[in-house]
Amino acid sequence: MKYQDQTWRLQAACAGRDQAIFFPEVPLTRISWAEARAICRECPVVIDCLFYAVSARVEHGMFGAKTPEERRRLRRKLLSRATESVAS
Ligand code: SF4
């Protein structure tokens, strides 16, 4: 599986930063994610990171500029489209 190759992490914009930014404790609000999301949006491997987190069903932290809930919604949408594609 592609997500097992994590060499993309070598280019991660979050490397060396305070991981509490990406894994905030409470409260999990839009504001508490803002700093992490801004860093992710400038990251050269944001797509690899998002693909990894969605594929591996990572249920915590900011990955690929998406919160856990945003990734769950994205996964549901992708599965729905895949199901429609198979059925048609
Ligand atoms: S997208 Fe965000 S969490 Fe993922 S590697 Fe880049 S900075 Fe880190």
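Angle between the Cα long axis of helix 46-55 and the longest principal axis of the chain, 0 to 90 degrees, nearest 10?
The helix 46-55 is inclined about 60 degrees to the chain.
For the chain, what value does the Rg/Rh ratio take when both radii are computed over Cα atoms and Rh is the Kirkwood radius, given to two decimals?
Result for the chain is an Rg/Rh of 1.02.
To the nearest 10 degrees, how steeply does helix 30-41 sit against the main Cα axis of the chain, on a 0 to 90 scale?
Helix 30-41 sits roughly 80 degrees off the main axis of the chain.
To the nearest 500 deg cm²/dmol, what mean residue ellipticity at 222 nm is calculated for the chain from DSSP H runs of n ≥ 4 alone, each contributing -39,500 (n - 2.57), summed and divided by the residues?
-15500 deg cm²/dmol
Spelling out what I want: for every residue of the range 71-88, take phi, set θ = phi - 60°, compute 6.51 cos²θ - 1.76 cosθ + 1.60 (Karplus), and round to whole Hz; glycine and proline get x.
Ordered by residue, 3J(HN,Hα) equals 5, 4, 4, 4, 4, 4, 5, 5, 5, 4, 5, 5, 5, 4, 5, 5, 6, 8 Hz.
Just so you know, all these numbers are worked out from the coordinates, no wet-lab data involved. Just so you know, these numbers come straight off a predicted model, no measurement behind them.
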